[in-house]
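Working notes, structure below.
The values are calculated or read from the model by the stated rules, or taken from the named source; none is laboratory data. Just so you know, these numbers come straight off a predicted model, no measurement behind them. Heads up, the Cβs are rebuilt from the backbone with ideal geometry, glycines too, and the neighbour counts pull from every protein chain shown. Remember, those area values only see protein heavy atoms, side chains included, never the ligands or the DNA or RNA. Shrake-Rupley method; radii C 1.70, N 1.55, O 1.52, S 1.80 Å.
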Amino acid sequence: MDSFVFYIGSYTKTISPEIVGKGEGIYTVELNNKTGELKLLHVESTVNPSYLVVDKHNKFLYCNTEVASKEAPKVKAYRIKNDFSLDLCNELPINGGFPCHIEKVEDHILVSCYETGNLLQFSLDESGRLSECVTNHKHSGSSSNKERQEAPHVHQVAIRPKTKEIYACDLGTDTLNAYVFDNGHLKPKTELDVNVTKGGGPRHMVFTKNGKFAYVVNELTGGVSILELRDGKLQHIDTINSLPSNYKGIPSASAIRIHPNDSYLYVGNRKTDTITIFKINDEQLQLIGHTYTGGKELREFNITPNGKWLIACHQDSHDTIVYLIEKDGTLTQKFATKVMKTPVCVAFLN
């Protein structure tokens, strides 16, 4: 394959002192698989499309508009055209605030709302359009960080492979809330809930392909929680630090990705603007090193389906950087651009 096409989400308007949006919407980008160079193909104008998901047949892209509840956020469905530009199919209101993550599970769209601490399920019709909001689950509780964990803050959902189990990372309660589908409706499965280290603030979660191990990045500490399936239930085994040893500031971990070969784990931290690389040995993570990205506010990154490239987005310095993933898991920068402003999400075609 000579190239990959993918989409970058961005912040287009300011929503807090920490998030000053200067982007234009959803960018369609082409990656040269030989050189790592990026080429901007199209831009779809929409408000704060901070997270994106592409369906497995590459026919539709779905996104949330991340704004406060009082500004009426929406979930949107786009048809992917032959030239990879986007055509809006329809949109529905999100009954929540600051929706920050979106996932597609079969014919359902799940939206995580940070501000209001709830998880919504939208159904899709046979054409791929959004149909209706089926369920709206409001989390409850708090945790030890009084400034950031005063209430629930749902940040992401992850699907355990080979099962129907859905886990919602709640930064505000230090809990991974479990759900399953029952007759097309998402329902809590509280006996499968997992508590992680107090004060950690679970942000994003990834699984190994067999679903036996999971790794959770904790925003408030930079810790990575290691979970293992034991007696039919995920259990918290350990939490290890992902920050460089000389960093003394306030942690702000942002992203976690697992390599397609299940051999390497990558963890992003803002403020240090580093990607930490671990070698995976099941419940053991071996530190390989830290890559300093040179940008500001490393918000998100993703790995190409072929495992060759890692693309990192810097929210504040507007850098999108392409790294070649070496055989030992380390990263070598091959390309950088500032064309896409306030980039915060990378979603590949399948």
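Relative to the current alpha-carbon distance between Ile240 and Lys209, full extension at 0.36 nm per residue lengthens the span by 9.0 nm.
For the stretch 211-280, the relative contact order comes to 24 percent (Cα pairs under 8 Å, sequence separation of at least 6). Taking the stretch 224-263 and a reference point 7 angstrom along Cα→Cβ of Leu287, the backbone N atoms nearer than 15 Å belong to 224-225, 239-249. Under a model in which nothing but the beta-carbon of Lys, Arg (+1) and Asp, Glu (-1) is charged, the chain shows a dipole of about 400 debye around its Cα centre.
Here Arg148 and Asp2 are evaluated by their C-beta separation; at R0 = 45 Å the FRET efficiency comes out at 0.50.
Coupling constants for the stretch 168-174 follow from the phi torsions by the Karplus curve (6.51 cos²θ - 1.76 cosθ + 1.60, θ = phi - 60°), and in residue order they are 9, 6, 10, 4, x, 10, 6 Hz; glycine and proline get x. For the stretch 56-69, backbone phi angles converted through the Karplus equation (6.51, -1.76, 1.60; θ = phi - 60°) give residue-by-residue couplings of 5, 9, 6, 9, 9, 10, 10, 8, 10, 9, 7, 9, 5, 4 Hz, Gly and Pro being listed as x.
Pairs exceeding 21 Å between alpha-carbon atoms, taken from Lys164/Lys189; Lys56/Lys164; Lys22/Lys296; Lys74/Lys146: Lys74/Lys146. Loop-resident trypsin sites (Lys or Arg not before Pro) (DSSP state other than H, G, I, E or B) in the stretch 136-210 with no more than 10 further Cβ atoms inside 10 Å of their Cβ: Lys146.
Checking (i) 67, 52, 35; (ii) 47, 47, 40; (iii) 60, 50, 37 against Cα extents along the principal axes in Å calculated from these atoms, the matching label is (ii). Between amide H atoms placed 1.01 Å from N, distances below 5 Å from Val134 occur with Gln121, Phe122, Ser123, all of them 5 or more places distant or on a separate chain. Solvent-accessible surface of the chain, taken per residue with a 1.4 Å probe and all protein chains present: 40 Å².
Using the average count of surrounding beta-carbon atoms within 10 Å as a protection proxy, the listed peptides 12-24, 81-93 rank, highest first, as 12-24, 81-93.
Look at the dipole of the stretch 84-146 built from charges on Cβ: of Asn95, Leu130, Thr116, the Cα furthest out on the positive end belongs to Thr116. Near the amide H of Gln156, within less than 5 Å, lie the amide hydrogens of Cys169, all on another chain or at least 5 residues away, with H placed in the peptide plane.
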